[in-house]
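The values are calculated or read from the model by the stated rules, or taken from the named source; none is laboratory data. It should be emphasised that the depicted structure is a prediction, and the values quoted were computed from it without experimental measurement. Heads up, the Cβs are rebuilt from the backbone with ideal geometry, glycines too, and the neighbour counts pull from every protein chain shown.
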Amino acid sequence: MDALFDIRQHVELECINCHTRVPLNRQVAGCPKCGENILEARYDLNKIDVPRWMEVLRRRREGLWRYREVLPIQDSRNIVSLGEGGTPLIKSHALAASLGLKHLYIKDERQGPTGSFKDRQATVAISALKEMGVNEVVVASTGNVAIAYAAYAARAGIKVWAFFPSLTPGDKMREAALYGAEVIKVTGTYDETKEIAAKFAKHKGIFLDRGIKSVAAIEAMKTMSYEMAEQLGDDLADGERWIAPDWFLQGVSGGMGPIGVAKGFQELYGFGLVDKLPALGMIQSAGCAPMVEAYQRGQRIATPIDHPQTIIATLATGNPGRAYELLYDYVHHYGGHFTTATDDEAFTATLVLARMDGISVEPATAVTFAGLIKMVQDSVIKPDDVVVVNCSGHTIAVEKNILGDHWEETVELQEQHKVQTLPQEGLLSALEQVESQVRRIVIIEDNFDAARLIKRILQARGSYDIHIANDGRQGIEMIREVRPDMVVTDLMMPDVDGFKVIETMKADKAMASIPIVVVTAKELTAKERARLSGQIDSLLQKGSFIDEEFIESLVSKLR
């Protein structure tokens, strides 16, 4: 550790309900005064000279513990690390283009040691347990927390008792067992599993990951805020300053992740390192959405759901408790939104993200992206907003739900079969037949990523001869030259816009009958809609054309 900042912070825990403060030690299991589960770490941040700290950070390697001065470990020798944190912030091109977003980023937490953002929580929690002298711990989990805890605990020599609800995928339970955790499967909901785990810990006298869980989750997840602010500053301001996004989105169950991110940005704002706090987008599974339902009713307290109706176990927390109240308050002070996505919408989003941006995610993350699509379609998120989505974990075995049963073709080779040679005339005839079926399409779009995405989607559906023009003037010349079977055009372009392209085509007999599809992020006025009426074959607002029905309708116009 840098000598200048070996400050050995005195860490206290503060109850979010009655604000009682207690020391961080092995007796912590919630607030001793009111029983509140959520405790937050409090530091003397005045000890940190921010300008000098920034200089030190530039010399440190990437990773969660580079921000150790604002984490609840007093002695760096107790840190248990597997290289977590420092995950990339990936700028989306294809999905962003399809949604009409200019600044869509994916915080790729799949690249943690055990493949999820819970590695952050585990490194802080297990380090704190080591510092407190705990050698055995009970944890209730739907998968990722127990896996991460088991891996880090193995490194620290701490035994983990992992309680899972029955809906947890078997692969996740086996992975926790691989690291040496004692796995107990409970035939009940996640909330019931937590109750059983608490009773077991009390009966056996084993430390229960309860109070420390909230501390570790909040303090660990806030490091995502520090990383995002640095990374956005590098991308959008050439490293001259740190930047907070306009939106941070995450699929939520218990809610500790976004609470931690919010605390991180509040600290950064207090340090003067960012000039605003982001709005939070919280997405829940439609089959278990107590937060969303309470928010839509305008209620600060969520009504628990006793029987979740989702197969996505990691999002099946029926009772978010006080966490929702914290998120509700944050949204009312700084902005945000709660929405839902169905399991089917999540599986569709998994496929979309994998095929558009090459990122394969677990269902809980797919719910987040499905929510993102809804928020764009509903104009909650605007085209110019800087948006970061927490890609919280890697793919699990859901492929059959996504791809169906017939996703491959089988070619059987028979050794005794004699291969017949095609006559040259037949080959040429076949090639001519194929070429005669090719349809020509002109895409007019000044956004390169959007044009490339439309081209890629169409070519995945068949053999098309696609030409791309970067502006309206070039597009008109290209239409006259190649005589396409269809024109796909944006409306908002410099110089010659899409309206002018359409009017020019309709005024020319040679082009008047060519089908026109308009794809735009612009919210059309009544006058603009009237201007297009009867002139085009289809209008698509960006943010919806990943819908399979639209793609099929587009292709059908060429048949």
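Within the group L45, L82, L57, which residue is under 13 Å from R120 (Cβ atoms) and aliphatic (A, V, I, L, M)? Exactly one of L45, L82, L57 is under 13 Å from R120 (Cβ atoms) and aliphatic (A, V, I, L, M), namely L82.
Taking the criterion of being assigned by TED's automatic domain parsing to the domain that holds F338, without any contact (Cβ under 8 Å) to a residue 12 or more places away in the chain and either surrounded by fewer than 24 Cβ atoms within 10 Å (Cβ to Cβ) or of a type in the set (K, R) (or both), would at least one residue in region 217-234 satisfy it? Looking through region 217-234, at least one residue is assigned by TED's automatic domain parsing to the domain that holds F338, without any contact (Cβ under 8 Å) to a residue 12 or more places away in the chain and either surrounded by fewer than 24 Cβ atoms within 10 Å (Cβ to Cβ) or of a type in the set (K, R) (or both).
Please find, among R58, R68, the residue that is in a helix (DSSP H, G or I), touching a helix residue (DSSP H, G or I) at 6+ places or on another chain (Cβ under 7 Å) and not acidic (D, E). That would be R68, the only listed residue that is in a helix (DSSP H, G or I), touching a helix residue (DSSP H, G or I) at 6+ places or on another chain (Cβ under 7 Å) and not acidic (D, E). Looking across region 52-93, the residues that are within 21 Å of A148 (Cβ to Cβ) and of a type in the set (S, T, Y) come down to Y67, S76, S81, T87.
Confirm whether D471 is among the acidic types (D, E), within 24 Å of H93 (Cα to Cα) and modelled with pLDDT under 90. Spelling it out, it is not the case that D471 is among the acidic types (D, E), within 24 Å of H93 (Cα to Cα) and modelled with pLDDT under 90. Taking the stated definitions as given, is D246 modelled with pLDDT of 95 or more, assigned by TED's automatic domain parsing to the domain that holds G318, farther than 16 Å from P320 by Cα and under 19 Å from the mean Cα position of the chain (by Cα)? Judged against the criteria, D246 is a match.
Residues checked against (1) β-branched (V, I, T); (2) over 21 Å from F163 (Cβ atoms); (3) outside the structural domain of F347 (by TED's automatic domain parsing); (4) out of contact with any helix residue (DSSP H, G or I) (no Cβ under 8 Å at 6 or more places or on another chain):
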site: P290; (1), (2), (3), (4): no, yes, no, no
site: R300; (1), (2), (3), (4): no, yes, no, no
site: I305; (1), (2), (3), (4): yes, no, no, no
site: I311; (1), (2), (3), (4): yes, no, no, no
site: G318; (1), (2), (3), (4): no, no, no, no
site: R322; (1), (2), (3), (4): no, yes, no, yes
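Restricted to helices (runs of 4 or more DSSP H) entirely inside region 290-387, those with at least 1 residues that are modelled with pLDDT under 95 are 322-334, 343-357, 363-377. Would region 347-368 turn up any residue that is closer than 18 Å to E293 by Cα, buried (at least 19 other Cβ atoms within 10 Å of the Cβ), hydroxyl-bearing (S, T, Y) and in contact (Cβ under 8 Å) with a residue 60 or more places away in the chain? Checked against the condition, which is being closer than 18 Å to E293 by Cα, buried (at least 19 other Cβ atoms within 10 Å of the Cβ), hydroxyl-bearing (S, T, Y) and in contact (Cβ under 8 Å) with a residue 60 or more places away in the chain, region 347-368 yields at least one hit.
Within region 16-37, residues that are closer than 21 Å to P320 by Cβ reach partners that are assigned to a strand (DSSP E or B) and among the charged types (D, E, K, R) with beta carbons closer than 7 Å, at six or more positions or on different chains, in the pairs I16/E40. All conditions in (1) without any contact (Cβ under 8 Å) to a residue 24 or more places away in the chain; (2) not in a helix (DSSP H, G or I) hold for I90, with the sole exception of (1).
Just for region 332-346: of the residues that are touching a strand residue (DSSP E or B) at 6+ places or on another chain (Cβ under 8 Å) and within 12 Å of I312 (Cα to Cα), which one is surrounded by the fewest Cβ atoms within 10 Å (Cβ to Cβ)? The qualifying residue surrounded by the fewest Cβ atoms within 10 Å (Cβ to Cβ) is T342. Number of residues in region 251-277 that are assigned to a loop (DSSP other than H, G, I, E, B) and within 21 Å of F369 (Cβ to Cβ): the value is 4.
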